[in-house]
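Structure, as structure tokens:
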Amino acid sequence: MSKMILQPKIRGFICTTAHPVGCAKRVQDEIDYVQERPLIRQGPKKALIIGASTGYGLSSRIVAAFGGSRAATIGVFFEKEAENGRTATAGYYNSAAFEQKAREAGLYAKSFNGDAFSDEMKQKVMETIKKDLGSVDLVIYSLASPRRQHPRTGQLAKSVLKPVGTTFSNKSLDLNSNKLENVTLAQASQEEIDQTISVMGGEDWEMWIEALKNAGLLERHALTVAYSYIGPELTRGVYRNGTIGKAKDHLEATARKLDEQLKKYGGRALISVNKALVTQSSSAIPFIPLYFILLKKVMKEKKVDEDCIGQIHRLFATRLYTGGPIPVDENGFARLDDWEMRQDVQREVRANWDNLSDGNLTQYADLDGYQKDFLRLFGFGLEGVNYDAEVETDLKLPSTLC
Ligand code: NAD
């Protein structure tokens, strides 16, 4: 047992401490959001969420479990437990809180903390599905990782965020000084492109689906969804036309391939294009935080701003589980970035971006709001949490205790 008073410790674009009570409060807030909305009665019954501890994956787990269909959930993630006076990572505390709340609600929830890219993890998860659930009807693929060790070749691939075929320069925000800077990124080498595709492309998703299908653990009408991003012209050079965009192209091509296979059994494989949001992964992408800060202000003013839970609830309620065909665009994607990409929203963000200088930054950008959103990812700054109290940091996932 180790009790401590916890403060945020920020290093670069991450916070190296997390607050267990604050993380539990965030999870509860997301559950409350879902429960205050109409029930999604036709939702999933047995869901596997890969990348379930933070961001879009955590919200997917919450909507599956608490959105109305009371899904049993298995979550896979890669987080650190508390040790040697260090707190666990936020995703670990989120998952401990999720499991606790699921159990209190009488819902099945088990979690696996380790490398989703490995064959061992796939095997362990499949054994548990077989033993406890028999099969799954929903697989959400929401991994965001800086590296992947290939399960067959053993090669370590690292994902980089670089433009492809050209350099890219634009304004960016130095998150330490809150000053604008001009950043130029060198173009990626072919090796860097290939490695980023290995980490963030669709190969691992396909391996999961193949393995589940071959083991007879996918229900006939099963649905699998992976998350992608497109974004506007402003970020295209570093995102969609960059290394990560090449990986997303691969993920999307994988969706088409898997969809062909699953359709034969009444199932579907889909891409949901989600909106840009502050998560642990997106904060690390150059230029994106500044775009996000400008976007959030405009979307808030237009009353169309959403966070992860709002996006995923809308995805389940109005796209995936309406009882009718899933509405998709001409590429077959569910578009949850529809409000972000609205012409009036983008026109204003672009104009603000062009006008931006250190002198008028606060006029166009809610820097305090960004800082607060960022700290909330780690459980800090939540209403109703006593941050002066000592808290137990050495929590365990309930499902690992029995
Ligand atoms: P996130 O950092 O909040 O979550 C990533 C998850 O992946 C965590 O649960 C983490 O533990 C898990 N993970 C990472 N490496 C792992 C490994 N080796 N094994 C097991 N689990 C591992 O990220 P996010 O922003 O929610 O992104 C999820 C997906 O959504 C990504 O594909 C991302 O590209 C996409 N997306 C994000 C945004 C955005 O703005 N944040 C927008 C659209 C789409």
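The values are calculated or read from the model by the stated rules, or taken from the named source; none is laboratory data. Not measured: the values here are computed from a predicted model. Cβ atoms come from the backbone with ideal geometry, glycine included; neighbour counts cover every protein chain shown. What goes into the accessible areas is simple: the full protein's heavy atoms, side chains included, and nothing from ligands, DNA or RNA. Shrake-Rupley method; radii C 1.70, N 1.55, O 1.52, S 1.80 Å.
Short-range pairs are left out: with C-alpha atoms under 8 Å and at least six residues apart, the relative contact order of the chain is 23 percent. Which of Ala317, Gly266, Gly91 sits closest to the plus end of the dipole of the chain, meaning its Cα is farthest towards the positive end, when Lys and Arg get +1 and Asp and Glu get -1 on the C-beta? Checking the options against the dipole of the chain, the answer is Gly266. Per atom type, segment 237-327 shows carbon and sulfur on 52% of its accessible surface, probed at 1.4 Å. About the centre of its Cα atoms, segment 23-173 shows a dipole size close to 340 debye [charges on the beta carbon of Lys, Arg (+1) and Asp, Glu (-1) only; nearest 20 debye]. Computed over protein heavy atoms with a 1.4 Å probe, the accessible surface of segment 3-400 works out to 43 Å² per residue.
Using only side-chain charges placed at the Cβ, +1 for Lys and Arg and -1 for Asp and Glu, the dipole size of segment 179-257 relative to its Cα centre rounds to 300 debye.
Classify the chain as rounded, prolate or oblate, taking a ≥ b ≥ c as the square roots of the eigenvalues of its Cα gyration tensor: rounded when a/c is under 1.5, otherwise prolate if a/b is larger than b/c and oblate if not. Rounded, because the longest to shortest axis ratio a/c is under 1.5.
When the chain is treated as a Gaussian network with alpha carbon springs shorter than 10 Å, the biggest mean-square fluctuation among Ala18, Ala82, Ala215 belongs to Ala215. In segment 3-400, the DSSP beta bridges split such that about 35 percent are antiparallel, to the nearest 5. Distance between the pseudo-spin-label points of Thr322 and Ser177 (7 Å out from Cα toward the beta carbon): 5.0 nm.
Within the shell of other residues whose beta carbon sits under 12 angstrom from the beta carbon of Glu36, the net charge comes to -2, with Lys and Arg scored +1 and Asp and Glu -1.
Other residues lying with their Cβ under 11 Å from the Cβ of Ser399 contribute a combined charge of +1, Lys and Arg counting +1, Asp and Glu -1.
For Leu138, the amide hydrogen comes within under 5 Å of the amide hydrogens of Lys46, Leu48, Leu223, counting only partners 5 or more places away or on other chains and with H modelled in the peptide plane.
Name the residue from Gly57, Ala334, Val238 whose Cα lies farthest towards the positive end of the charge dipole of the chain, charges +1 on Cβ of Lys and Arg and -1 on Cβ of Asp and Glu. Value computed over the given set: Ala334.
Whole-Hz Karplus values for segment 320-330 come out as 6, 10, 8, x, x, x, 7, x, 9, 7, 5 Hz, taken residue by residue from phi with 6.51 cos²θ - 1.76 cosθ + 1.60 and θ = phi - 60°; glycine and proline positions read x.
Ranking Ile197, Ala276, Ser169 by Cα position along the charge dipole of segment 129-287, where only Lys, Arg, Asp and Glu carry charges on their C-beta atoms, puts Ala276 farthest toward the positive end.
Taking amide H positions as modeled 1.01 Å from N, with prolines and chain starts lacking one, the residues under 5 Å from Arg147 and 5 or more places away or on another chain are Ser159.
Only the Cβ atoms of Lys and Arg (+1) and of Asp and Glu (-1) were treated as charged; on that basis the dipole of the chain about its Cα centre amounts to roughly 720 debye.
Springs between Cα atoms under 10 Å define the GNM used for the chain, and in it the highest mean-square fluctuation of Tyr265, Tyr33, Tyr239 occurs at Tyr265. A straight line joining the Cα centroids of segment 131-178 and segment 45-116 runs 19 Å.
Proximity of backbone amide H atoms, modeled 1.01 Å from N, is registered between Ala52 and Val76, Phe77 at under 5 Å, excluding neighbours fewer than 5 places apart on the same chain. Of Arg268, Arg152, Arg86, the residue with the greatest mean-square motion in the GNM of the chain, using alpha carbon springs below 10 Å, is Arg152. The lysine pair tally for segment 73-184, using Cα distances under 16 Å and a gap of 8 or more places or different chains, is 9.
The accessible surface of segment 44-85, taken with every protein chain in place and a 1.4 Å probe, is 47 percent carbon and sulfur.
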